[in-house]
Ligand code: MSP
């Protein structure tokens, strides 16, 4: 039986979750829900979680007068709450401070060391704590990290262990080129292949001066570079969750374009060195701005998932995020238009048709029904991450049903129950089909719709979405 294992990046606990984290996690949730319908619940595994080690988290903890562990224990549940509020259906929440994760990572590194893929050297260079990475000349703009211009890069010179990334470049490239490892979209694939072609150097995979991390098993004066152990979470999760070992390798790792190099080059190389199987696909979506501006603390426009839920409800927030722009591209969340879209598409569009139809069905025996099978078009779009387009298709169908409703004018047939029923049946069946297609995106709404319109006795209900 086909299995589907999907991961989001694990998010740093130096700060609380924002709508950027939600965006990726929501996309993974939509896929997990879709594949549960297609393959059965037991054949799907969806893991998200938090990245808890490293200098960045240690610094944030110190600023809060907490130990890093205390701080991580405080922030990780904030992520879990955000996912609860937005109805994320992950099967497991992975934390890199889990003792099993540490043990497994140490075992893998030891194996790589014994096989000669890791050697000792001296690293000298500039380090960006915000990115948790050494900066190359190409990375910098005016001597600074472009993503963290307010943080001075730190000059570091230390004994480190290095991973022979350079020995694996050709193999990784061949796997991407042959499609054995899919890197999507195409633009990201080209970017990664181009960078490998330019030549890659070995990378430092340990830290001498960072105490908050997993100890290097053969040299306890060093800790594992946070990115290296974080990447292994995708694999360690399948060892930690009981009975899920055969879910490795995963089918999909979702992320934004900021961390594609780690995932599409360094990670597969580490797996090759560890003699583990490679993920099937990596999909890196774009970055969004908020009302045209970069989301940043200094601009004060960082939005917490809960804020969206408070205004639009979980399903409303989910709809607004995924219908905003084509998944994969860079885009903008025009928050000032969210309320208009919510009112027109959800309160008026979907909500209105549901209420009007249900009201007219009251008292009639409508017979029971089930949704039609998913169309090829729907499946194809879902399996190619075309979330906005699926939603557009659904709303086009709603518009068709609305047109039919207004054209047929069933409200004029109240005196003739048989004619009324006949006029309403296509709309009722349409709504049941739409409920099935909406399930991955708006699970609460879909459940209500499906309950209401599959039964023989369809009664009026409270509006699903109140106008704002
Ligand atoms: N801890 C690492 C990932 C390790 S995975 C083995 C990390 N964490 S992060 O907290 O910085 O999360 C980065 C991810 O958050 C992005 O790749 C993306 O999934 C999401 N996003 C953060 N801001 C975003 C936008 N403005 N737009 C789209 N996605 C955003 O990197």
Evaluate E = 1/(1 + (r/R0)^6) for residue 281 and residue 415, where r is the Cβ-Cβ distance and R0 equals 41 Å; express this FRET efficiency to the nearest 0.05.
-> 0.10
Could you pull the Cα extents of segment 35-79 along its three principal axes, largest to smallest, in whole Å?
-> 48, 17, 11
So the FRET efficiency between residue 120 and residue 422, C-beta based with R0 = 60 Å and rounded to 0.05, is 0.15
Computed label-point distance, nm, for sites residue 2 and residue 241 using a 7 Å Cα→Cβ extension | 1.9 nm
Which percent, nearest 5, of DSSP beta bridges in the chain are antiparallel?
-> 45 percent
Stokes-Einstein D (µm²/s) once Rh is taken as the Kirkwood radius of segment 336-454 over alpha-carbon pairs, at 25 °C in 0.890 mPa s = 163 µm²/s
Could you work out how far the C-alpha centroid of segment 349-376 sits from that of segment 37-102, in angstrom?
-> 40 Å
Per-residue Cβ neighbour rank within 10 angstrom, fewest leading, 345, 139 | 139, 345
Fewest-first ranking of 409, 1, 442, using other Cβ atoms within 10 Å as the exposure measure = 1, 409, 442
Along the Cα-to-C-beta direction of residue 310, a point sits 7 Å from the Cα; which residues of segment 317-343 have their amide N less than 16 Å from that point?
-> 317
Approximate spin-label separation residue 59-residue 197, in nm, with each point projected 7 Å along Cα-to-Cβ = 3.6 nm
Take the Cβ-Cβ distance between residue 100 and residue 257 as r, set R0 to 35 Å, and report the resulting FRET efficiency rounded to the nearest 0.05.
-> 0.65
At residue 141 and residue 399, where each label point lies 7 Å from the Cα along Cα→Cβ, what is the point-to-point distance in nanometres?
-> 3.8 nm
Rank these for me by crowding, 148, 64, going from fewest to most other beta carbons within 10 Å.
-> 64, 148
On a 0 to 90 degree scale, rounded to 10, what angle separates helix 417-438 from the longest Cα axis of the chain?
-> 0 degrees
For the chain, state the semi-axes of the equivalent ellipsoid (square roots of 5 times the eigenvalues of the alpha-carbon gyration tensor), sorted largest first and rounded to whole angstrom.
-> 47, 23, 20
Folded to 0 to 90 degrees: helix 68-85 orientation relative to the chain principal axis, Cα | 20 degrees
Relative to the compact-globule estimate 2.2 N^0.38 Å (N residues), the Cα gyration radius of segment 247-345 stands at a ratio of 1.37
Taking only Cα atoms, what is the 0 to 90° angle, nearest 10, from helix 19-39's long axis to the longest principal axis of the chain?
-> 70 degrees
With the 8 Å Cα cutoff and a minimum separation of six or more residues, the chain has a relative contact order in percent of 16 percent
Classified through the alpha carbon gyration tensor (a ≥ b ≥ c as square roots of its eigenvalues; rounded if a/c is under 1.5, else prolate when a/b is larger than b/c, else oblate), segment 64-204 comes out rounded
Take the alpha carbon gyration tensor of segment 156-248, find the square roots of its eigenvalues, order them as a ≥ b ≥ c, and report rounded if a/c is under 1.5; if not, report prolate when a/b exceeds b/c, else oblate.
-> oblate
Gain in length, residue 73 to residue 456, computed as 0.36 nm per residue apart minus the alpha-carbon separation, to one decimal in nm?
-> 132.9 nm
Gain in length, residue 348 to residue 43, computed as 0.36 nm per residue apart minus the alpha-carbon separation, to one decimal in nm?
-> 106.1 nm
With the Cα gyration tensor of segment 14-127 giving a ≥ b ≥ c as the square roots of its eigenvalues, does the rule (a/c under 1.5 for rounded; else a/b larger than b/c for prolate; else oblate) give rounded, prolate or oblate?
-> oblate
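The numbers here are math on the coordinates, done by the rules we state, and not lab data. Everything quoted here is computed from the prediction, not taken from an experiment. Please note: Cβ atoms are built from the backbone with ideal geometry, for glycine as well, and neighbour counts cover all protein chains shown.
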